[in-house]
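Written below as structure tokens is the structure these notes are about.
What follows is calculated from the coordinates using simple rules that are stated; it is not laboratory data. What you see is a predicted model; the values in this text were computed from it and never measured. Don't worry about glycine lacking a Cβ; one is built from the backbone with ideal geometry, like all the others, and counts go over all protein chains shown.
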Amino acid sequence: MTMVGTEDFTGWLRDFEGAALLRRTWGDPDWSVGARLEPALVRSLQRFQVGEDGDGAHLTDKARRAGDPVYAEAVRLFVAEEREHARLLAGLLEAAGAATISGHWTDTAFVRLRRFLGLRTELMVLMLAEVVALGYYRALRDGVRDLLTSEVAARILADELRHVPFHRDRLRLSFRGSSRSSRVAVAALWWLLLAGALTVVVIDHGEALRLAGVSKAAFAREVAGYFRAVVAEVTAR
Ligand SMILES: [Fe+2]
Ligand SMILES: [Fe+2]
């Protein structure tokens, strides 16, 4: 029998609750100051806005079926946080006088794919979006000369910085009983998926990233760096 072990997600649940409380205390950014965004940034933010909305769509059910109510509740708050990101990005787009879009093929494909996955595989795919988000919002926060954009990116980035280790902890738990060879195989496949995701992202968002002062290569390096740490921590014995 494989020992699954019990990892306590109470700490994560408290973190998500704390973040929700802080959000209610702070309230919204001051949308009335408006935002000035180049067309390429608008297009890029529109796609991320749709993506944030779709994140975690089927995750809550899978988490509930995994049998740990504390983890399931943390996941519910995680999904709410991704929806909040979509709401913030919609507010930013509106402040820039731009509309939101209803969907983008990359996102539709991503959400459809994830529907058929089990919890562990879904978290592995979701992790790709999370590390991409770290690089993307970091670039926007530091490189876009628009105060409202920078504030929205900073708020979202602060959450994404929690999402990555949250999913990492659950994934590490799910690999606890795996052999060394299957961990090596999983790590290799996971890297292939990251390479594919990064290719799509730099093609789609390369111009926006350049406006934020980050080249495609620098972005790929930065995201690969975040990912390397995650893969090492998840697949280490
Ligand atoms: Fe997000
Ligand atoms: Fe996230």
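Here are a few things to note about the model shown:
- Student exercise, the range 10-235 dipole from Lys, Arg, Asp, Glu Cβ charges, in Debye to nearest 20: 840 debye
- For the chain, average projected area of the Cα convex hull in nm²: 12.5 nm²
- Amide H to amide H distances under 5 Å link A96 with A35, where only residues 5 or more positions off or on other chains count and H is placed in the peptide plane.
- Ordering of 19-26, 111-118, 192-199 by packing [mean C-beta count within 10 Å, highest first]: 192-199, 111-118, 19-26
- Cα-Cα P(r), the range 79-125, percent of pairs per 10 Å interval: 23, 40, 28, 9
- Nearest-ten-degree value, helix 105-115 long axis tilted from longest Cα axis of the chain: 20 degrees
- For the options D15, D107, D30, a Gaussian network treatment of the chain with springs between C-alpha atoms closer than 10 Å singles out D30 as fluctuating the most.
- Cα long-axis angle, helix 180-211 against the chain (0 to 90 degrees, to the nearest 10): 0 degrees
- Length added when fully stretched, R228-A158, from 0.36 nm per residue minus Cα-Cα: 23.2 nm
- The charge dipole of the range 1-138, taken about the Cα centre with unit charges on the Cβ atoms of Lys, Arg (+1) and Asp, Glu (-1), comes to about 360 debye, rounded to the nearest 20.
- Tilt relative to the chain, helix 147-174 - C-alpha long axis, 0 to 90 degrees, to 10: 10 degrees
- When you count the other C-beta atoms within 10 angstrom of each residue and take the mean per peptide, 62-74, 172-184, 135-147 line up highest first as 135-147, 62-74, 172-184.
- Karplus-derived 3J(HN,Hα), 6.51/-1.76/1.60, for each residue of the range 119-132, Hz, glycine and proline x: 4, 5, 5, 4, 5, 5, 6, 4, 4, 4, 5, 5, 6, 4
- Using a Förster distance of 41 Å, the FRET efficiency for D30-R176 (Cβ separation, nearest 0.05): 0.30
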